[in-house]
Amino acid sequence: HGAPEAYALALEVLQDLDAPLYAIPGNHDDRANMRVAFKDFDWLPEGDGPADFIHYTFDAGPIRVIACDSVIPDESNGELCGARLTWLEAALDATADKPVIIAIHHPPFPCGLPGFGATGLGGADVLAGILAGRTNVLRIIAGHNHRTITGMCGPVPACVAPSVSYPFAFDTTAGAPLAIAYEPPGCAMHLWREDIGLLTHTLPIGDFGPATPLLKDGKRLLPTSTNARE
């Protein structure tokens, strides 16, 4: 919940990650503490106050990632206010020649679940208008709802990644309590290939045993009478 020791633990856990590490703030983050924790990362924008948004861009291969800060301090909901939308539109204008992913913690659409997931993101309607006609924007990626969810923001597909923490229960009943589901945690893996474009895979996290080979070069490897777990 934004405490210095929480960031220290997260960085300790992630120190062996065999990939570049980027972070955007969510509703449990504290911008000032986050800036201290990530001060050695070159993507961290200048600023030292709680109202200084943590926006930035970076290139992942041929793709430009535009990372947006949607946090409202001390609130679960998020928003893209006028200042943030102005920054985002300028970042898009500067990237008209590259495929783009927009990363933002709060999903830009109502997620169909009760409670905090019901309202979506403040300013999402304006964002949808900004995205109109920008065919190079391939995806909006988000979190917040602790479940895999796919929707749209204007013409752009948007996906919510599952949580590496506890998932929330799937219950669309009006007035249902927010509840923890005892399902595997997960993450989203975004794969870019020049010949097929951008794909998004959802991966459960856990030790489920080795995979059982089934087909190779069009030939079946597993006998039809064999139990895959035997």
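The values are calculated or read from the model by the stated rules, or taken from the named source; none is laboratory data. Remember, it's a predicted structure, so these values are computed and weren't measured experimentally. Please note: Cβ atoms are built from the backbone with ideal geometry, for glycine as well, and neighbour counts cover all protein chains shown.
Some observations on this one:
- When each of L138, L198, L178 is tested for being in contact (Cβ under 8 Å) with a residue 60 or more places away in the chain, touching a helix residue (DSSP H, G or I) at 6+ places or on another chain (Cβ under 6 Å) and not acidic (D, E), the lone residue that passes is L178.
- Any hit, the stretch 16-30, residues being among the aromatic types (F, W, Y), modelled with pLDDT of 95 or more and more than 27 Å from R147 (Cβ to Cβ): no
- Selection of the stretch 58-91 for residues being in a strand (DSSP E or B) and of a type in the set (V, I, T) yields I63, V65, I66, V71.
- Matching residues in the stretch 155-167 - criterion: being surrounded by fewer than 17 Cβ atoms within 10 Å (Cβ to Cβ) and in contact with a helix residue (DSSP H, G or I) (Cβ under 8 Å, 6 or more places away or on another chain): P155
- Remark: pairs (first residue in the stretch 10-33, on the phi < 0 side of the Ramachandran plot and among the charged types (D, E, K, R); second residue outside any loop (DSSP other than H, G, I, E, B) and surrounded by 15 or more Cβ atoms within 10 Å (Cβ to Cβ); Cβ separation under 6 Å; 6+ apart in sequence or on different chains) are absent.
- Residues (small (G, A, S) and exposed (fewer than 10 other Cβ atoms within 10 Å of the Cβ)) located in the stretch 168-194: A174, G175
- With a requirement of 2 or more residues that are buried (at least 22 other Cβ atoms within 10 Å of the Cβ), the strands (runs of 3 or more DSSP E) lying completely within the stretch 97-154 that satisfy it span 100-104, 137-142.
- The set of residues in the stretch 24-60 being among the aliphatic types (A, V, I, L, M), closer than 18 Å to A91 by Cα and touching a helix residue (DSSP H, G or I) at 6+ places or on another chain (Cβ under 9 Å) consists of L44, I54.
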